[in-house]
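Here is the structure we will look at, set down as structure tokens.
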Amino acid sequence: MPKSSTKQIKDYISFAEIALGADLTRHQRRLLQAVMRSRRVGMCSCHATGKSFCLACLAVSHVSLYEDARVLIITPGWLMNRAVVWAEIHALIANAKERLPIVSQTTTELRFGPKNMIIGLSASDAGRLQGHHSEHLLVIVDEGAALDPTFWPAIEGVLASGNSRLIVCGNPTVSAGPFADIFGRHRSSWETFAIGYADTENFEGVTLEQLLKMDDAELDANPRPYLITRRWVRERYAEWFNGSPENSPLWQSRVLGQFPSSSSNALIPLASLELARRKAVDPGGPITIGCDPAGPGRDMTAVVACAGGAILELATFSDADARGRVVEFIKRWRDRVRLVRVDSGGIGFYFAEHLRGQGFKTIGLNAASAATDRERYTNLKAERYFHLRQAFLKGAVSGLDDDTLGELASISYLVDPHGKICIEDKASVKSTLGHSPDKSEALMLALGEPEMAPWTYTPVLPRRDGETRNVGGRQSQREIDAAEDRANDRRSMLVKSRRWPGRGGW
């Protein structure tokens, strides 16, 4: 272990800065703090954020702070392991302020003692993970998006014992697979965050509009030149930006540090779901309740209270008969409840009747019934989910929790052979999640109402000659009357010719 001057250090950040002499950025500190408090951490980032240096600091700090500690560094291939993360580890040790008790050192292995070591592994051989156990085991996965999906069960196996921790980092280049699932349907089990170019010190106080107007001197004035630079971002904007982030997957993943929304048929882009995680602020006014009832079994009864797009409260109940629990939930908002919407399919019909009997204004909606816009949607469920999607895309939803985010991230939409939009059936979503998307269904019932276009009054003013005209530019009343007269004349001629045919008629 390190010498006496650093023995009292108990956290990664202090060790990295004091013993190793590291100059950490804001987001590097944030990553080290997350690993200290959480057993599973996921980070997706743009290019050149200093991620590899931070992982090197994390590995050396972890193996130095505990008596029995082992760090496994896993990358998709050996070349990346040696040339990226391990290059940073060797440079860090060579320039450390404190002398570290190194017993042995190779290209991809570092030992501080019989039970303290850092080992580099390639994902090309899952068998090499077998037998790695420690009281304080830390598994670091770099470039998680490029990792073979068949390798993930081996990682889970090595985490089975001790005070094990896992951190997975990478560029969000693919919107499907185990790495994307960390930020989607498995979100509730992880502490996650994303780092884009705007989160680095080189862009502090700099907007995109300002960046596009900078001269050469300003573009090259980067406080930390080893991080993503201003010039590189502006060059990528010219090449990769296609009018909006949703139409620019390279810009989204490699510059903004977000999963590209255009690469899948997800109902709601992950970026919009992330935005909805911000804290909900109660705007006051009426509240709409959405309720997705469930009977005996593994499914849960979910109920949510929303004011505008703010999710104020969401609860689930596992009771076989949850009517009393739902009534208790609604009563907490009773003075403000405008409407309760219940999925009336199956037992939901009697559930809705019970809520009406309690004095709540209740509407039962059968998700399988016909949509209002039958030309565009296959059923009411698809229609309401797409209205919910629009609310997310506009940034109108807030207060979204991780479990509901995971459910919504797992729902896809399709276009059937008739050109109608349909939502992936609940059974498929359930097989993906391992449970029914009860919270998503309740939220769809509460917020899936179509946005009503504002009604405007256009006055009709008289003309000087007695005609009337519409100031909105539509037909004048005289033109409308003339068209109706011509149509009546044609109908009269047709009837007369059939009643009084000429010679040799009918």
Does the range 334-349 contain at least one residue that is surrounded by fewer than 18 Cβ atoms within 10 Å (Cβ to Cβ), within 26 Å of the chain's Cα centre (by Cα) and farther than 30 Å from K420 by Cβ? no
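For (1) in a loop (DSSP other than H, G, I, E, B); (2) out of contact with any helix residue (DSSP H, G or I) (no Cβ under 6 Å at 6 or more places or on another chain), each residue gets a yes or a no:
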{"site": "R298", "(1), (2)": "yes, yes"}
{"site": "C306", "(1), (2)": "no, no"}
{"site": "E313", "(1), (2)": "no, yes"}
{"site": "G346", "(1), (2)": "yes, yes"}
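Within the range 41-51, is even one residue open to solvent by 30 Å² or more (accessible area, probe 1.4 Å) and farther than 17 Å from L166 by Cβ? Working first, answer last.
Taking the range 41-51 and keeping what is open to solvent by 30 Å² or more (accessible area, probe 1.4 Å), we get 47-48.
Of the ones still in play, those that are also farther than 17 Å from L166 by Cβ are 47-48.
For the range 41-51, residues open to solvent by 30 Å² or more (accessible area, probe 1.4 Å) and farther than 17 Å from L166 by Cβ: present.
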Looking across the range 403-419 at residues that are among the charged types (D, E, K, R) and open to solvent by less than 60 Å² (accessible area, probe 1.4 Å), the single one that is nearest to the chain's Cα centre (by Cα) is E407
Going residue by residue through the range 182-203, is there one that turns out to be assigned to a helix (DSSP H, G or I) and β-branched (V, I, T)? yes
With the first residue restricted to the range 231-254 and required to be open to solvent by less than 70 Å² (accessible area, probe 1.4 Å), and the second required to be among the hydroxyl-bearing types (S, T, Y), Cβ contacts under 6 Å at 6 or more apart or on different chains are V233/Y197; W240/S248; F241/S248; P249/S262; P249/S263; S253/T173
With respect to A367, is the statement that it is at pLDDT below 90 and surrounded by 20 or more Cβ atoms within 10 Å (Cβ to Cβ) true? yes
Any chance the range 54-70 includes a residue that's without any contact (Cβ under 8 Å) to a residue 40 or more places away in the chain and under 30 Å from the mean Cα position of the chain (by Cα)? yes
What tally of residues in the range 88-109 results from selecting those that are open to solvent by 40 Å² or more (accessible area, probe 1.4 Å) and either within 25 Å of H133 (Cα to Cα) or in contact (Cβ under 8 Å) with a residue 40 or more places away in the chain (or both)? 12
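Take the residues of the range 277-289 that are within 15 Å of D401 (Cβ to Cβ) and out of contact with any strand residue (DSSP E or B) (no Cβ under 6 Å at 6 or more places or on another chain): which is surrounded by the fewest Cβ atoms within 10 Å (Cβ to Cβ)?
Only one residue tops the list, namely K279.
The values are calculated or read from the model by the stated rules, or taken from the named source; none is laboratory data. Computed from a predicted structure; not experimentally measured. Because the Cβ atoms are built from the backbone with ideal geometry, glycine has one as well, and the counts that use them run over all protein chains shown. Please note that ligands, DNA and RNA were not included when accessible areas were found on the heavy atoms of the full protein model with its side chains. Shrake-Rupley method; radii C 1.70, N 1.55, O 1.52, S 1.80 Å.
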